[in-house]
Amino acid sequence: MFLEKALQALGVAAQHPLALGMYVLVIVSWLVISLRVKRHRALLRRLDALPEKDRLKALELEIGPLPKKGINAEQWLRAREQVFKLARLGILCVAAIIILSLAVFYFLQAAPKSVVVAGQVTLDNRPLENATITVVGVAGEWTTDRNGAFHFQIADLLKSDSLTLTVVDTTGYEAVRLDTTVAKNAAAALLLKLTAPSTHFIAGRVLEEGTGNFIAGAEIVLEGNRGSGTTDARGYFRFAARGKRFEAVKAIFSHPNYQTSRRGLTISEDNQISLGRKP
């Protein structure tokens, strides 16, 4: 039974040199002591069959010189057998305690630890609310609060000493993304800076002055070659424009039936322009 259990545990013990050494020590000790116990039992069973003059010599060859007085040879042999049994039990107990201690130690060492990831996300140096943060190789996503702050913990399952973070802002007309790699020991105090793209959308509607009727086919050209577009069938326009959001720009509006006009716009989606009809 012992050897069967020991062979089953060989695969586990072989995973670490110290555990394997302890495993071999236990097996060898158990075999040596078991062999001595069996030899003592065999000698004890055959002791009566030996000539009386040979019994003392046989005992001394097996277990060494006998005590001078106090107990007879048979009692001494039985006592030695008990000593070996206790020694075998003691070795097994000590080995079990050591192996259990090693198992607990390596379990605690192997147990996944947590990494704190915290800091602030800014967009053009202003706190960015509702930015999405993900960690490559880790399930889940987190968002920043109204102050651009974030704080979360992840299990330290990655073998690398660093984390790769992806920060995405979808609150503007174009998504802004930042991919960055940070050391795990510095992940609790991060400042992630996003920069707004230089191209946004400018949109609105062109109406007829006085009547409010929409003007289809009006052409809009931003000065400085920053973008251009044309109104649709309901007078709406929307096109890409170079510049920052809500930046003031100048635009020229033209249409065959309306007076050409130079007007101010903002790079946003709520512009409304009125054009006067030609005389």
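We did not get these values from a lab; they are worked out from the coordinates using the rules stated. On a predicted model such as this, the values are computed, not experimentally measured, just so you know. A quick note on method: Cβ atoms are made from the backbone with ideal geometry, for glycine too, and the neighbour counts reach across all protein chains shown.
Skipping prolines and chain starts, which residues have an amide H placed within reach, meaning under 5 Å, of the one on Gly243, given they are 5 or more residues away or on another chain?
Amide H to amide H, under 5 Å and 5 or more residues apart or across chains, Gly243 pairs with Thr199, His200.
Using the count of nearby Cβ atoms within 10 Å as a rough guide to exposure, how do Phe214, Phe239 rank from fewest to most?
Sorted ascending by nearby Cβ count, the order is Phe239, Phe214.
Sequence-distant or interchain residues sharing an amide H contact under 5 Å with Asp156, placed H: which?
HN-HN under 5 Å from Asp156: Lys113, Ser114, Val115.
Could you put Leu191, Leu275, Leu158 in order, starting from the residue whose Cβ has the fewest other Cβ atoms within 10 Å?
Fewest to most other Cβ atoms nearby, the residues stand as Leu191, Leu158, Leu275.
Give, as a single signed number, the net charge of other residues whose beta carbon lies under 14 Å from the beta carbon of Asn185, with Lys and Arg counted +1 and Asp and Glu -1.
Summing Lys/Arg as +1 and Asp/Glu as -1 gives 0.
Between beta-carbons, use under 13 Å as the cut-off and find the net charge around Leu275, counting Lys and Arg +1, Asp and Glu -1.
+2
Based only on the alpha carbon positions, what is the Kirkwood hydrodynamic radius of the range 114-194, in angstrom?
Result for the range 114-194, one decimal place: 12.6 Å.
Using modelled amide H (1.01 Å from N, peptide plane; none on Pro or chain starts), what sits under 5 Å from the amide H of Leu123, excluding residues fewer than 5 places away?
For Leu123, whose amide H was placed from the backbone, the distant partners under 5 Å are Leu128, Leu194.
May I ask for the net charge around Ile154, where only other residues with Cβ less than 11 Å from the Cβ of Ile154 are counted and Lys, Arg are +1 while Asp, Glu are -1?
Combined, the nearby Lys, Arg, Asp and Glu give +1.
For Asn257 and Glu269, calculate 0.36 nm times their separation in residues minus their Cα-Cα distance, and state this gained length in nm to one decimal.
That pair, Asn257 and Glu269, stretches by 1.8 nm at full extension.
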